[in-house]
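Colleague: This structure is in structure tokens; I'll ask about it shortly.
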Amino acid sequence: MKRLTAILAFAFAFVLFTGQASAVTFKFAFQGDLKSLDPYSLNETFTHGVLGNVYEGLTKRDKDLKIIPGLAERWEILEPTRWRFYLRKGVKFHNGEDFTADDVVFSADRARGPSSDVKTRLPADARVVKVDDYTVDFILSGPNPILNYEWDTWYILSKKWSEENNSLTAQPQAGQQMNYAALHANGTGPFIITEHQAGVRTIFKRNPNWWGKLESNFDEVIFTTISNDATRVAALLSGDVDWADPIPLQDVARVNASGVAKVLQGPELRTIFLGFDQYRPELKYSNIKGKNPFKDVRVREAFYLAIDENAIKGKVMRGAATPSALMISPLLFDLSKDFVRPAYDPDKAKKLLADAGYPDGFEVTMDCPNDRYVNDEAICQAIVAMLARVGVKIDLLAQPKAKYFAKILVSGGYDTSFYLLGWTPGSFDSWNILANMYRCRDEKGVGGNNNVGNYCKPEMEDMTKAVLVEGDKAKRDQLIKQAYELGQVQDWAYVPLHQQALAWGVSNHVAVAQRPDNQILFYWFRKE
Amino acid sequence: MLAFVLRRAVQAVLVMIVVALIAFTLFRFVGDPINQMVGIETSAQEREALRQQLGLNDSVVVQFAHFIWGAAHFDFGASYQFKQPVVDLIAERFPATMELSLVSALLSLLLGIPMGVYTALHRTSWLSRFFLTVSLVGISLPTFLIGILLIFVFAVTLGWLPSFGRGDVVDLGFWTTGLLTKSGLRAIILPAVTLGLFQMALIMRLVRSEMIEVLRTDYIKFARARGLPDRIVYFGHALKNTLVPVMTIAGLQFGSIIAFAIITETVFQWPGMGLLFLKAVQNADIPIMSAYLLLVAAIYVAINLVVDLLYVVVDPRIRIDARAA
């Protein structure tokens, strides 16, 4: 009897042991929270990236950001204003329902409906028509060659599930009523969320019924927020997590030397740049009264030439930056190679300032965030020192992002004279840059909503419109190039500084695919 | 006694209204919450509509009145970041903070009092000097530094304990506890030591000086003269008389343990209220901030009351009614 018990115990232990040994658990930590599981309630890279393991769009993007089929097997443009999408058959949501055209029509309405933060994913006036259960037409009011450029993060929700759970609209930003979809997820993707505690941790399980072939070998994935930099690095080095982001620049060498993990520093899409108030007749924060020096193109050029971006890259960014000639990453615009960043030339800068009537420079306040981008405040401090060499005295106002954005963006009435900002085009396309940064805007931000300094040229308006409707890629690229030549080369509208580098801390046991948009798509990761 | 408690309750409400008012004034300066709630491409009109919905365009007085009215019903609104009712979020995080605080308070008492007694009795021994040195470190080093050092030594270098988090928790329905699982117990050690070190040092030094004082008094000499054994003199007579100030300090410090758990929780990514609060400050999440501040104020007031009542138990000479008058 005793012996039997022993055998049983052994067998049980064996099962238990092998059961655990075969389950692969991937743990990852990020500095921010996964704020909502509702894919329409916050337009933010991290949220969209993580949810991209759970939800899917009609189209997706591959490891090189190329558009590939997702829930739509293929699509064709029947006429410039009518796109037809053929849906993948046999796809099931996590709760077992079939995915059909009704879900697409529903999701299109929900994404453009009240309290959605992803309204820009598809045109407000586009009509979405179900042809049959697996065919959907998108009827547009005008040609739009980049219709599906942002659809990798326009996730398809189940109509039936949303109706049953009273989640017909995106989670409202205000009010007590809690949307079921904000705390639960029901996608079609390779991973299923089994547990979610907002701001603490989220657990994912592999979806055995996924339609695709899963590259990842993870059975379980655990996400934890670790907001403290030192703790996040310690968690990676001690093996408590397999992946951590971001690793602060000063810890990169230490992590690489640890022997347990390394830092992957691929280029990111975000461009860090400086902008000028080119609109107000008199600068709000300057000692020059009665006129606005930044209206003079020579002053803008002088600022550009007075800043030594290579020094910023080397000293402030410790090499983890790619100096940029344009407001867009070279990965996103094929003709970027035709543009060269003008070299640092303080003597010419001084001369330009003198020509413009400021031989002794002038004073201006610079707005800068101190907790938003990699070493943002340090970059601003370096710029203050560089501009001082050509006689421009900068009064630096570096603030936390909550205060900074409230001041310089539309909600604060674009209250700035000179600022540092970062921008990633959500559509991975230049039109987003032109529309947001180079179009004129009014006081309320209608037009180029994020054109903080209000650079405004009628020719640029026309070019932007032409880019929007041009369907031929080569012609379109030429149009975009002309626009950048006007805005950057001729008008010096902004001072693009660099694309900062990503800083993923990755355990040596894990193989990852790092995409420059910093989406964490762990369905491509493997752990040995 | 009842009158005393009631009077205290009224005072408590006043204290909390003042805290709410101060907090509310401060919130004017944390930045625009709307920017944290929506992506950067959201248009000005939508932002404006959202401000209107949230009541951010009302006057401060109206907003404050709304808030007090809600608070009186335990309704603190929904978090701007998580879009969940603040009450739920805090209820979810409250057990983590309380467990951490209780364990560190216990740790500081259980270690601090014996160490204090020992150093008072054996003032010149090398162990006493060692304790005093440790306590100096505990008092002078900032919490976040101690935490990072502990993580570096015990998690990264030695690999004995986890570097962050709370481990696995058991849900008891009304309370989640990490004290019933192995990983939970392992996870609480470093944060509890970090949080309790300062208290331990403080209590030890307090007990020591009080004890030295008391040992000089006449009744101790008399007790010795009666031929009582050392054990009874030290622990029965002397220690008991040192406990009144220790209790006050330990009680009040418990309030600050809860309040200052913010830093320890941030360093260890401990999923408690403090961490929630800090994130709320960064994201201008006003509903969480205001509810948290009110809760901490309420805890302080409650602890004070308990401490006052405990005096009577320890020292019957203290008369509460006389004090309250």
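The values are calculated or read from the model by the stated rules, or taken from the named source; none is laboratory data. Values in this document were obtained by computation on a predicted structure and should not be read as measured data. All Cβ positions, even for glycine, are placed from backbone atoms using ideal geometry, and neighbour counts span all protein chains on display.
Colleague: Determine if the range B:109-119 includes at least one residue that is free of Cβ contacts under 8 Å to residues at least 60 places away in the same chain, away from every other protein chain (no Cβ under 12 Å) and surrounded by 19 or more Cβ atoms within 10 Å (Cβ to Cβ).
Modeller: No, the range B:109-119 contains no residue that is free of Cβ contacts under 8 Å to residues at least 60 places away in the same chain, away from every other protein chain (no Cβ under 12 Å) and surrounded by 19 or more Cβ atoms within 10 Å (Cβ to Cβ).
Colleague: Which residue out of A:K262, A:K284, A:K291 is among the basic types (K, R), farther than 30 Å from B:I262 by Cα and under 26 Å from the mean Cα position of the chain (by Cα)?
Modeller: A:K262
Colleague: Ok, one more. Does A:Y304 count as surrounded by 21 or more Cβ atoms within 10 Å (Cβ to Cβ) and either of a type in the set (A, V, I, L, M) or out of contact with any helix residue (DSSP H, G or I) (no Cβ under 7 Å at 6 or more places or on another chain) (or both)?
Modeller: Values: surrounded by 21 or more Cβ atoms within 10 Å (Cβ to Cβ): yes; either of a type in the set (A, V, I, L, M) or out of contact with any helix residue (DSSP H, G or I) (no Cβ under 7 Å at 6 or more places or on another chain) (or both): yes.
In short, yes.
Colleague: Out of everything in the range A:440-454 that is assigned to a loop (DSSP other than H, G, I, E, B) and either in contact with a Cys (Cβ under 8 Å, 6 or more places away or on another chain) or small (G, A, S) (or both), what residue ends up being nearest to the other protein chains (Cβ to nearest Cβ)?
Modeller: Residue satisfying both the conditions and the ranking: A:G445.
Colleague: Here is a further query. Might you let me know whether the range A:86-95 holds any residue that is modelled with pLDDT of 95 or more, under 29 Å from A:D125 (Cβ atoms) and in a strand (DSSP E or B)?
Modeller: yes
Colleague: Next question, about the same structure. Here is a check on your reading of the model: is B:V30 over 30 Å from B:L185 (Cα atoms), β-branched (V, I, T) and more than 14 Å from chain A (Cβ to nearest Cβ)? Full working, then the answer.
Modeller: On the way: over 30 Å from B:L185 (Cα atoms): yes; β-branched (V, I, T): yes; more than 14 Å from chain A (Cβ to nearest Cβ): no.
Taking the combined requirement at face value, the residue does not satisfy it.
Colleague: Follow-up question, since we're still on this one. If I ask for residues that are more than 14 Å from chain A (Cβ to nearest Cβ) and among the charged types (D, E, K, R), which ones from the range B:232-275 would you list?
Modeller: The answer is B:K240, and nothing else.
Colleague: Given the conditions (1) assigned to a loop (DSSP other than H, G, I, E, B); (2) within 14 Å of chain B (Cβ to nearest Cβ), which single one is not true for A:E195?
Modeller: Condition not satisfied by A:E195: (1).
Colleague: Looking for whichever is of a type in the set (G, A, S), part of a strand (DSSP E or B) and buried (at least 17 other Cβ atoms within 10 Å of the Cβ) here; the options are A:A235, A:A185, A:A244, A:A181. Which one fits?
Modeller: Result: A:A244 is the single residue among A:A235, A:A185, A:A244, A:A181 that is of a type in the set (G, A, S), part of a strand (DSSP E or B) and buried (at least 17 other Cβ atoms within 10 Å of the Cβ).
Colleague: Taking the criterion of being surrounded by 15 or more Cβ atoms within 10 Å (Cβ to Cβ), modelled with pLDDT of 85 or more, assigned to a helix (DSSP H, G or I) and in contact with a helix residue (DSSP H, G or I) (Cβ under 9 Å, 6 or more places away or on another chain), would at least one residue in the range B:157-180 satisfy it?
Modeller: No, the range B:157-180 contains no residue that is surrounded by 15 or more Cβ atoms within 10 Å (Cβ to Cβ), modelled with pLDDT of 85 or more, assigned to a helix (DSSP H, G or I) and in contact with a helix residue (DSSP H, G or I) (Cβ under 9 Å, 6 or more places away or on another chain).
Colleague: Can you find even one residue in the range A:466-483 that is within 14 Å of chain B (Cβ to nearest Cβ) and not in a loop (DSSP other than H, G, I, E, B)?
Modeller: Going through the range A:466-483, the residues within 14 Å of chain B (Cβ to nearest Cβ) turn out to be none.
Within the range A:466-483, none of the residues are within 14 Å of chain B (Cβ to nearest Cβ) and not in a loop (DSSP other than H, G, I, E, B).
Colleague: Being away from chain B (no Cβ under 13 Å), over 25 Å from A:E268 (Cα atoms) and either without any contact (Cβ under 8 Å) to a residue 12 or more places away in the chain or not in a loop (DSSP other than H, G, I, E, B) (or both): is that true of A:L397 here?
Modeller: yes
Colleague: Within the range B:146-168, work out how many residues are farther than 21 Å from A:S258 by Cβ and within 10 Å of another protein chain (Cβ to nearest Cβ).
Modeller: Residues in the range B:146-168 being farther than 21 Å from A:S258 by Cβ and within 10 Å of another protein chain (Cβ to nearest Cβ): 1 in total.
Colleague: For A:T224, only one of the following conditions fails: (1) in contact (Cβ under 8 Å) with a residue 12 or more places away in the chain; (2) part of a strand (DSSP E or B); (3) more than 21 Å from B:V86 (Cα to Cα). What is its number?
Modeller: Among (1) in contact (Cβ under 8 Å) with a residue 12 or more places away in the chain; (2) part of a strand (DSSP E or B); (3) more than 21 Å from B:V86 (Cα to Cα), A:T224 violates only (3).
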